[in-house]
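*Asks:* Below: one structure in structure tokens.
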Amino acid sequence: DRYNSDRGSALDCDVIALGLTDLHITKGNADRIRYLLRHALRSPDEYVFNEDDSSLLFRHIPAVLVKTLPDGGCRHNSLHVAVRKKFVGGLGAHDWFNADHYDCSVSYTHLTLPTKRIV
């Protein structure tokens, strides 16, 4: 019922994913996009986020390049993932921020998000 209604919510879910297509990242909007999923949750301290992965191309924005545009801009796809901490094993109580976020990150070579745009 939670997922098949207009009132759908990620509240109390153990794994949450937010996929965005045709995302334009610029110097002017990058700070607003950073920690996008973390800022959207009511209890972010209960989750580990792929936004914290230190290997991201854009700091705290899990995005991949889709296409460069003639005007010099770029289009990206992003997939923001949060996993409830109790399901991520092997980490000490105070080691969440310094953790290797590989277990809650997406292998971007396999990321395909639908878009109505022609690539």
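The values are calculated or read from the model by the stated rules, or taken from the named source; none is laboratory data. As the structure is a prediction and not an experimental result, all values here were calculated from the model. With ideal geometry, Cβ positions are generated from the backbone for all residues, glycine too; neighbour counts draw on all protein chains shown. Protein only, heavy atoms only, side chains kept; ligands, DNA and RNA dropped before computing areas. Shrake-Rupley method; radii C 1.70, N 1.55, O 1.52, S 1.80 Å.
*Asks:* Expected output is a single nm value to one decimal: the length gained when fully extending between PHE58 and ASP31, i.e. 0.36 nm times separation in residues minus the C-alpha distance. What is it? Don't jump to the answer; show the numbers that get you there.
*Replies:* Numbers: separation 27, 0.36 × 27 = 9.72 nm, distance 1.04 nm.
So the chain would gain 8.7 nm between PHE58 and ASP31.
*Asks:* Okay, next question. So for SER43, SER78, what's the accessible-area order with a 1.4 Å probe, most first? List each step's numbers first, then the result.
*Replies:* Working: SER43 45, SER78 0 Å².
Accessible-area ranking of SER43, SER78, largest first: SER43, SER78.
*Asks:* Please sort 52-58, 28-34, 80-86 by packing, taking for each peptide the average over its residues of neighbouring beta carbons within 10 angstrom, highest first. Don't skip to the end; give the middle numbers.
*Replies:* Values: 52-58: 14.4, 28-34: 12.7, 80-86: 18.7.
Sorting 52-58, 28-34, 80-86 by mean packing, highest first, produces 80-86, 52-58, 28-34.
*Asks:* When only the heavy atoms of the protein chains count and the probe is 1.4 Å, how do CYS13, CYS74 rank by accessible area, highest first? Kindly include the intermediate steps, with their values, before the conclusion.
*Replies:* Numbers: CYS13 15, CYS74 40 Å².
I get CYS74, CYS13, largest accessible area first.
*Asks:* Taking 0.36 nm per residue of sequence separation and subtracting the Cα-Cα distance, how much length would be gained by fully extending the chain between ASP12 and VAL66, in nm to one decimal? Provide the component values of the computation, followed by the final result.
*Replies:* Values: separation 54, 0.36 × 54 = 19.44 nm, distance 3.20 nm.
16.2 nm is the gain from fully extending ASP12 to VAL66.
*Asks:* Something else: Give me the accessible area of LEU65, 1.4 Å probe, in Å² rounded to the nearest 10.
*Replies:* Rounded to the nearest 10, that gives 100 Å².
*Asks:* Also, I was wondering about something else. Can you give the accessible area of LEU11 in Å² (nearest 10), computed on protein heavy atoms with a 1.4 Å probe?
*Replies:* Probe radius 1.4 Å; accessible area of LEU11 about 80 Å².
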